[in-house]
1. Looking at A:Gly628, A:Gly583, can you tell me which residue is free of Cβ contacts under 8 Å to residues at least 40 places away in the same chain, at positive phi and in a loop (DSSP other than H, G, I, E, B)?
2. Any chance you could count how many residues in segment B:152-185 are within 14 Å of chain A (Cβ to nearest Cβ) and polar (S, T, N, Q)?
3. Collect the residues in segment B:22-74 that are assigned to a helix (DSSP H, G or I) and under 13 Å from B:Gly110 (Cβ atoms), keeping them in residue-number order.
4. Would you point out which residue out of A:Arg355, A:Arg424, A:Arg385 is surrounded by fewer than 24 Cβ atoms within 10 Å (Cβ to Cβ) and either small (Gly, Ala, Ser) or within 30 Å of A:Val749 (Cα to Cα) (or both)?
5. Take the residues of segment B:132-157 that are touching a Lys or Arg at 6+ places or on another chain (Cβ under 6 Å) and either free of Cβ contacts under 8 Å to residues at least 24 places away in the same chain or surrounded by 21 or more Cβ atoms within 10 Å (Cβ to Cβ) (or both): which is nearest to B:Val36 (Cα to Cα)?
6. Tell me the residue from B:Thr73, B:Thr130, B:Thr121 that is among the β-branched types (Val, Ile, Thr) and touching a Pro at 6+ places or on another chain (Cβ under 8 Å), please.
7. Would you say B:Ser70 is polar (S, T, N, Q) and crowded, with 17+ Cβ neighbours inside 10 Å?
8. Given segment A:1-77, what strands (runs of 3 or more DSSP E) lie entirely inside it while holding 1 or more residues that are buried (at least 16 other Cβ atoms within 10 Å of the Cβ) and touching a Gly at 6+ places or on another chain (Cβ under 9 Å)?
Amino acid sequence: MSFNIIGKKIPKKDAPFKVTGQALYIDDVELPGMLYGKILYSKYPHARILHIDTSKAEKLPGVKAVITAKDFPPHFRIGFMKDNPPLKGTKVLSTRDEIAAVCAISPEIAEEALDLISVEYEVLQGIFDPLVAMREDAPILHEEVGSNILKLPWRLVCGDVEKAKKESAYVVEDTFTTQWVTHCCLATSGCVAYFDVNNNLTMYSNTQIPSLAQNEFLEALTALGLRNRRVRIIQVTIGGGFGSKLDTYPYEYIAILLALKTRKPVKIVFSRDEEFFATSPRQCTITKISQGCDRDGRLTFREVEMILDNGAYTSWGATTPSVMMMPISSLYRVPNVKYTATCVYTNNTYCQAMRGYGNPQATFAIESSLDHLAEESGIDPYDLRIINANEPGEITPQGFRVTTCGLKECIEEVAKRLNWKEKRGRGLKKRGVGIASLIHVGGGARVYKSDGCGTIIKMDDFGKVDVFTGASDIGQGADTVIAQIVAEELGVPVEDVNVIHNDTDICPWDVGVHASRTTFVAGNSALFAAKKIKKKLLEILSKLLEVPPEDVAIKNGIAFSKSDPQKSIPLARALRRIHFTTGGSMLMAEHFYDPQNENLNKEFRGNLSAAYAYGTHGVEVEVDTETGKVKILKYVAAHDVGRAINPLLLEGQIYGGVLQGIGYALSEKMIYDNGYLKNGNFLDYKILTVRDVPPVEIVIIETNEEAGPFGAKGIGEPGLVPTAPAIANAIYDAVGVRIRDLPITPEKVLKALKEKNKG
Amino acid sequence: MKRFDYHVPQSIEEALNLFKSLGDAIYIAGGTDVMVNIKRKKISPKNLISLRNITALKVIEKGKELKIGSCVTHEQLLKDKYIEKYYTALHDAVRKLGSKQIRNVATIGGNICNAAPSADTACPLLVFDTKVLIRNEKGERKIPLHDFFLGPYSVSKDEGEIVTGFEITFLPPYSGSAYIKHSRREAMDLAIVSVATRLTLSPEVDIDFLKREAGEKTYSEFESRLLSYGITVKEARIAMGVVAPRPLRAKEAEDYLCGKRLTDEAIREASEIASSVAKPRDTLRGEAWYRREMVKVLTRRAILLSAKRAFD
């Protein structure tokens, strides 16, 4: 199949706007009479609030409203488990707990007013370790729940792990731990809320879930006594999401209440400090894993027990085990699987979705442990992976129906480019190689009741196309990819397709940007809408050209007869002809696409995604054995993407993922000390800089997924999933130490080397 | 952030007078530390006196001594071929300082007067026996850089005094220097620990041969040969960053090395001594044991690199 636009390296449509400063971010939104909101956070990680005095703040000139928990309905809670009051009135459970908020005519006055609010606390003993919180004698943080262990019993059992363990020729067991890392979006979180005279709410927002946020804000309005109102979400240019904007946060409800109180637009935009400590990071994990294989290296079982620090409240972080199950049950063929995960309340920050949604944590354990098993069984880690690689047509223990699968090709390609056979196991010059693979959802993921996305499409008198999509563009390039898909289908230039994706008043429903689903789901939705409008178009053109519809082709905005190319008409003229005539018509179409995937059932089984993405990363490192520093000499990332709609954006996703993954593996960590974040700034939070970028080679494997738009599968998240274990495995190959705790800092490597030399 | 007035004097005298008349004021050069401190509410001066328009402070003078004006930017230093060739440790330091955007505005005077224990230019200037030139109403005074640092973010300078520059004596032939910054990132980072060394050697062997070796061989190949020639160390300087409240000279290690033949053993011993002189702390940015360990490694590497460069 040959394409005109699909597969072309087309630059992002929004790039010129961002580069020239024309893009409008949340901080740029200014409305007449707008006020500025600021939030007072708790001084302590765990305390009773005895008294709040806001009187001085209220008297400060320029202050328009001060609110506390008393201003919200008493039982109003937000979040996945409805355990989080937007303002805390009686008890604080973390240092990011919101106690009061003000709005004023300037941000400086609002800031000053915060200093005038006095809060009397009774400090309570904090719990900062989930293992301590799980003890029977530990104080209960959420009295209404009655336990520090969340009522979320994640448990997947397939086959008979105990039996398989006994029958295995080789068994390994390890414990791995991972750290909190944060998204580091370039644009910080924020919103502007305002009510019209009818008490309908408009929210300027950088959310990545406009439809779900709309629903949640409607619930909030109802709780505030405003029934049957409208909520309109207008998304500004979103300066990065990575999962951080997958939930609604207290600051949004605070802005809503302040706007309602003052009848003015209220803006709350986080400072970089707030972005670090008051948004929700990737959850840290403690993972005990055991795997076994038979004499030939065939995997026999995989058993994983995990403990997650949930933090003080519950956001989507608590549901990441639902995704962790995917690699645990289905990365490589493993017949017997057991997985349990426990989420535990502590007085730490609460966690949220972040690119990969638990998959990086699980894959770090699986792929590190697999190298251990390779050593134990004396099988080359490459061979062990090839022996067990997933294949097309397979149904995994969890019930995933694998359609396309290029895992073997990915592993082979990476090994070839790394020169695996030559380099592995030599430990020459303290250099080593490592590989690790991944599985991820590539055809949406049915985590909500619907995994759908709607598209409305219309053509104007000038042959131009407007596409109204439910998809959100958070920088990943959804607008560009959707424009390409529609342009390809309709035979118009890609510049002629305008994608509108930022307003719930005009765009159809979509479940949100998550699960690497936008190209697959929104892409398919746009494709089917384009097919519908094309059908109408071809009928019209057939009449105008006086040929049968199947003889009509459109290329570059011009329709012509395939059998007699002399017969042609520009689309714009055709569209005007049918418009400006008695009983005229204009072309419009819509489609709601919901993929054929399944919610997990009570046993956590089901075909979660309509397609699965695979990939393998390989890395060559050099370890400085005197300092413990790890240098990446070469990095190869091979991904089965189905089809590359736009290789330029695709490579961008993988580069970005790899770099975020290297930061996760080697340097990034949010350092919490007794509930206080100690490194909430870019100096001490070690996200990589452009100078730290190693050479990255990208290999695109196309398997042409039948269910995907033009054969594409999702690629948003996979780029960072296997990075940490690939690096950890390479370090082991280089110097013989295995670091089981992320990030792999020079200190940890050096300490391990010293211990190894002692022994 | 509190409001402040901003003054831009055109000469040192004008600046000194302004300070006297304004009272509540501080000097600002590149502003990469001052502005951060104001925004973080660590300081809240009513007046900022910018030194950026005083051209006399922006010159690198190569006369009898090397004189670097206090408002010379790090980018200016980085591009200076003379500094790269003869004062290589300083070149090493500015190469990894901040980012290009920061180097374009941040000045060497600011870096020294801010007196962070991790200040990148401090250790190189220490190993070059640098003197600080200070102006006040009465005239100019000159003190060794070593005595200028009092503690973290504290220097021996009265309020209102202006550091005008740094005076560095010319180095004898067969001198080489190096600065190694051990950090987690390649840019935009502070050192976990850093070491600068300067050696002046007195080779008693065929110089031309050594030079050829230095030019042709890679560092590691040259290293083993270098140490077998029995070169005598005439003068040694070792300075360490982030191992004490202020940038620190390892005088005991310098004394040990002085007059010794440059051998692997001697270098290792000097590095051990330097490490024992270091008094690092456990902080967010690094643990004490690791810092002490790194002083050893970096000192040895910096000495070797300095020795090699002595023949470049």
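1. Working: A:Gly628 fails: free of Cβ contacts under 8 Å to residues at least 40 places away in the same chain.
One residue alone meets the criteria, A:Gly583.
2. Restricting attention to segment B:152-185, the residues satisfying the condition of being within 14 Å of chain A (Cβ to nearest Cβ) are B:180-185.
Narrowing the set further to residues that are polar (S, T, N, Q) leaves B:183.
Qualifying residue count for the region: 1.
3. To start, the set of residues in segment B:22-74 that are assigned to a helix (DSSP H, G or I) comprises B:22, B:34-39, B:55-58, B:74.
Scanning segment B:22-74 gives B:Val34, B:Met35, B:Val36, B:Asn37, B:Leu57, B:Lys58, B:His74.
4. Details: A:Arg355 fails: surrounded by fewer than 24 Cβ atoms within 10 Å (Cβ to Cβ); A:Arg385 fails: surrounded by fewer than 24 Cβ atoms within 10 Å (Cβ to Cβ).
The conditions single out A:Arg424.
5. Checked segment B:132-157; the qualifying residue nearest to B:Val36 (Cα to Cα) is B:Phe149.
6. Numbers: B:Thr73 fails: touching a Pro at 6+ places or on another chain (Cβ under 8 Å); B:Thr121 fails: touching a Pro at 6+ places or on another chain (Cβ under 8 Å).
Only one candidate passes the filter, namely B:Thr130.
7. Numbers: polar (S, T, N, Q): yes; crowded, with 17+ Cβ neighbours inside 10 Å: yes.
Yes: the conditions hold for B:Ser70.
8. Details: elements: A:35-41, A:47-53, A:63-68.
The strands (runs of 3 or more DSSP E) meeting that bar are A:47-53, A:63-68.
The values are calculated or read from the model by the stated rules, or taken from the named source; none is laboratory data. Only a predicted model underlies this, so the values are computations on that prediction, with no experimental measurement involved. All Cβ positions, even for glycine, are placed from backbone atoms using ideal geometry, and neighbour counts span all protein chains on display.
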